[in-house]
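Novice: Got a structure for you, written out below as structure tokens; questions coming shortly.
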Amino acid sequence: MEHLTNKDFTSDQEVKWCPGCGDYAILRAMQKALPALERKKEEFVFISGIGCSSRFPYYMNTYGFHTIHGRAPAFATGVKLANPKLSVWQITGDGDALAIGGNHFIHALRRNIDINILLFNNEIYGLTKGQFSPTSKKGIKTKSNPHGTTDEPFSPSDLAIGAQGSFFARVVDTNPKLMQKIFTEAEEHRGTSLIEILQNCVIFNDKTFASITGKEVKQNAQLILENGKPMLFGPDLNKGIILNGFKLEVATIGEKNVKEEDILIHNAHEQDQSLHTMLARMRPPEFPAALGIIRSVRRQTFDDGVLSQLEYEKENAKFRTVDELLKSGETWEIKS
Amino acid sequence: MNKTNKVVDLEKVVIKFAGDSGDGMQLTGTQFTDTSALLGNDLATFPDYPAEIRAPQGTVAGVSGFQIHIGRIDINTPGDIADVLVAMNPAALKANKNWIKKGGTIIVNIDTFTKRDLDKAGYETSPLEDSSFEGYNIIQAPITKLTREALKDSGLDGKSIGRSKNMFALGVVYWMFNRPMEQTEKFLQKKFANKPEVVAANIKVMHAGYNFADTIEALPSSYTVLSANLKPGTYRNVMGNQAIAWGFLAASERAKKELFLGSYPITPASDILHELAKHKNLGVKTFQAEDEIAGICSAIGASFAGSLAITTTSGPGLALKGEGLGLAIMAELPLVVVNVQRGGPSTGLPTKTEQSDLMQALYGRNGESPSVVLASSTPGNCFDWAYMSSKITLEHNTPVVLLSDGYLGNGAEPWKIKSTFDMPEIHPSIASEGEEYQPYARNKKTLARKLALPGTKGLEHRLGGLEKEDVTGNVSYDAENHEKMVGIRAEKIKRIANIIPNQEIFGKEKGDLLVIGWGGTHGSLYSVVDSLLKQGKKIALCQFNYINPLPKNTSEIFKNYKQIIVCELNSGQFANYLRMNFQGTIFQQYNKIQGFPFTTIELESHFKTLLSK
């Protein structure tokens, strides 16, 4: 395998996101992560819908397809089914995936087709200039609801896990190392890998994630989960998550008789969804936001199911050519 | 079995089976069809069923019918009206009262002519007891009673016994038309292989019906329809939807491309999905998507990755697929969209036939987004048009919309089995590794671009719905480039006229009247023109399969006739399309929008009026 670098994945097109947009960091992290996957460059395919994030494929020097609004999962499914050897990445945003494309999004997760979905969540519509999105915080004032929204937002993790998603990770656009790590693990996971990236829109929704990503608060506001490790956070790593009855709580080791062994150990591979759902819902100020790979479980992939049926039918076929099919069943001769 | 009556030889006959939608009329009709086909009759069939799976029992809305036209002569339509009607209840009689030939034979299940069933059908008194059907040969068969009697020792429950009634009716009609019962017996043995008691019961009831007909004196004679003079060869029955599926399979094999179908169930197109889903052994991947949009988008994805990709739908589904189709036009990817048309607008008449999606197929997208449009015209040639759609889309890398309709899709006819090697070669336009590649560089003759499939080293590129720069395919907002690209996309479709055959006509090369049709109306138009030619009229039929682009010689044909009439099952969409393309030519119209095909009677009388002008 020839050695590839981030430059091999950089296209000749000028990147046209706004200066300061979180998308730049995601693009750079992707271009750095791919060479490490030791796959041929021509096997990567990037499929996107419509929106700021969906311009991503133009900047990647891979096969790419900028499709139509909301439908990228369907295109990606077609690509993967047609050629299962390809590594298929879907790039989408909160409007593309959760508003116009909500249906395709949940069905991709339900089927567990082996693709990776990067959900750029900036809680706003950027390309149409600043309307609220399905993840915008309730009450936010935008052009399309100047008196504040009355919509309850979607939680991408609840949707994904509720749709039987087998892989859910979350990362912030200010943590390139964690992004690279998660992209790598998502590619290794067999099934639909959903990565929610909390991404800042400097123009229309600046600092919407400041309570999680702000320099002063982040050590107390981020819990970076690692499989098999205790759920510790804070500047001194002495705060952690414990289970009290059916609820999660933040506890400090050494306070109120809490010992290190009381802190929950993260198990991303647990089939039961309950704890993963609770972890993904945690938000400041009461909790830190959970980042890293929250859920990664084994489940048959859609493409494997389709292919194994195909192989079985081919092996046990009554006929192998179309001509044999055409002549099968009730036929009769007309003689001259 | 010994026949006690004399046998009368018929040239052709139309039989209609009608009953409640749960009465098994479609199966009864299909059995009669298969048996007649094996005897060498030419035939055409037309199922007519309600959109509801089980509409209220006994009501006119719930009547399901199956019409079959068999002959020893060339048969091109399922027949206008029936010579023989089987009516399993009063509602079936009422629904078909205008579709039975004056003086024809009506076999009724007299056990259902009770107050309750007459009420449900909206009859105050029995139409058999007043003058409603005076002059008809009514055979009052106690089908329910005799079926029960035949099966009283079968051990089957009442419901299962009730379900066998259709076999009694089939037995009666088999006797009337001197057909053997072996084919149906074999069918039942196969269908209910795990339920020998059901097989035995159905066979017994069919024989009971046969013997009933033989015994009663109501039928003065039985009839036979000798085998037709079909071209020598091996035949089978095909339905249009099945033939479409097979045409794609054949194209996939000849093009050496895996077939991918992305589809969402919709009447009357679902049978194409069902048929292809059966043939995974031939490498077909069928994907039942979450909606119509995902159906077309998954197909476009598969096409991008190298499959022969298709999506199948009916009118409302095509509306949903519009944006996806526009992308395939912009990205210049191969794709076939099959629209098995039904009555519209909106949900319209899901189980009825119409040709009202022509404009939608031609123009139903944003921007100027021309698509190739083809139409199949008989159940059998659905095979050829699915194949040609695949060939054009793969060689020119632009989407094709293939229009069929409910009448073709569900209709059946004997089909002389083709070999895939009878079909023309297919040469997909694809770049190979090492080639210098520009995504939007074009073949000078056809203007087709080449695809580069993901997985091909060195040909990485990006496609999308934003306007493309000529040659490079990069995103371009340049004003002049946009105008140029709109022109190229249109010209590319126009140039397909260079590779398609000339339009053919049937009948006189010059004359008084040119009848124009397109797609599924071929059978009725052909029958009428054939009949008028035999009457010495100077008439011809020009039935179009290539809709966009039109064959190059089209305008030449039009010059040779005094009058031109465009016949279609809509308000005049093709007529208007021709007016736009051939200004100055006068196109008269004959239109019908009733959910049914043309009858030969209405066409013949209208054409005669025109010819006498």
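All of the numbers you see were taken from the coordinates with simple rules; none came from a lab. For clarity, every value in this text was computed on a predicted model and none was experimentally measured. Cβ: placed from backbone, ideal geometry, glycine included. Neighbour counts: every protein chain shown.
Novice: List every residue whose amide H lies under 5 Å from the amide H of residue A:268, counting only residues 5 or more places away in sequence or on a different chain, with H placed 1.01 Å from N in the peptide plane.
Specialist: Placed amide hydrogens put A:228 under 5 Å from residue A:268.
Novice: I'd like the Karplus ³J(HN,Hα) series for the range A:40-52: coefficients 6.51, -1.76, 1.60, θ = phi - 60°, whole numbers in Hz, and an x wherever there's a Gly or Pro.
Specialist: Working through the residues one at a time gives 5, 4, 6, 8, 8, 10, 10, 10, 9, x, 10, x, 4 Hz.
Novice: Starting from the alpha-carbon convex hull of the protein assembly as shown, give the projected area averaged over all orientations, in nm².
Specialist: 47.4 nm²
Novice: Further, regarding this structure: Pop out the ³J(HN,Hα) list for the range B:125-138 in order, Karplus 6.51 cos²θ - 1.76 cosθ + 1.60 with θ = phi - 60°, rounded to Hz; leave Gly and Pro as x.
Specialist: Rounded to whole hertz, the list is 10, 5, x, 7, 9, 10, 8, 3, 10, 5, x, 8, 8, 9.
Novice: Nearest-5 percent of antiparallel DSSP beta bridges in chain A?
Specialist: Values: 15 of 45 bridges.
Here the share of antiparallel DSSP bridges comes out near 35 percent.
Novice: Sort the range B:6-225 into rounded, prolate or oblate with this rule: let a ≥ b ≥ c be the square roots of the eigenvalues of the Cα gyration tensor; rounded if a/c is under 1.5, and if a/c is not under 1.5, prolate when a/b is larger than b/c, oblate otherwise.
Specialist: Values: a/c = 1.35, a/b = 1.01, b/c = 1.34.
Rounded.
Novice: Describe numerically, in nm with one decimal, the distance between label points set 7 Å from Cα along Cα→Cβ at residue B:192 and at residue B:125.
Specialist: Once both label points are built, they end up 4.1 nm from each other.
Novice: Next question. What are the ³J(HN,Hα) couplings of the range B:437-445, residue after residue, when phi is run through the Karplus curve with 6.51, -1.76, 1.60 and θ = phi - 60°? Round to Hz, x for glycine and proline.
Specialist: The phi angles translate into 10, 10, x, 10, 7, 10, 5, 4, 7 Hz.
Novice: How much of the DSSP beta bridge set in the range B:238-422 is antiparallel, as a percent to the nearest 5?
Specialist: Given both bridge residues lie in the range B:238-422, the antiparallel proportion sits at roughly 10 percent.
Novice: Hey, another quick one. Hey, rough spin-label estimate for residue B:481 and residue A:215, points 7 angstrom out along Cα→Cβ, what's it come to in nanometres?
Specialist: 4.1 nm
Novice: Take the alpha-carbon centre of the range B:255-310, take the same for the range B:397-472, and report the distance between them in whole Å.
Specialist: 16 Å
Novice: Run the reach check for residue B:101 against aspartates and glutamates, Cα to Cα strictly under 15 Å, same-chain hits fewer than 8 apart removed. What comes back?
Specialist: Those aspartates and glutamates meeting the cut-off are B:80, B:83, B:134, B:602.
Novice: So for the protein assembly as shown: antiparallel DSSP bridges make up what percent, rounded to the nearest 5?
Specialist: 35 percent
Novice: If you don't mind, there's one more thing I want to ask. What is chain A by shape, rounded, prolate or oblate, if you read a ≥ b ≥ c off the alpha carbon gyration tensor as root eigenvalues and call it rounded for a/c under 1.5, prolate for a/b larger than b/c, and oblate otherwise?
Specialist: prolate
Novice: If you don't mind, another one. Whose amide H sits under 5 Å from the amide H of residue B:177, counting only residues 5 or more places off or on another chain, with H placed in the peptide plane?
Specialist: Under 5 Å from the amide H of residue B:177: B:223.
Novice: Tell me which aspartates and glutamates have Cα within less than 16 Å of residue A:247's Cα, excluding those fewer than 8 residues away on the same chain?
Specialist: Within reach: A:262, A:272, A:286.
Novice: With a ≥ b ≥ c the root eigenvalues of the C-alpha gyration tensor of the range B:1-122, is it rounded (a/c under 1.5), prolate (a/b larger than b/c) or oblate?
Specialist: prolate
Novice: Using +1 on the beta carbon of Lys and Arg, -1 on that of Asp and Glu, and nothing else charged, what's the dipole of the protein assembly as shown about the Cα centre, debye to 20?
Specialist: My answer is approximately 1000 debye.
Novice: If the reach is capped at under 21 angstrom between alpha carbons, list the lysines near residue B:352, excluding any in the same chain fewer than eight residues apart.
Specialist: B:16, B:94, B:97, B:592
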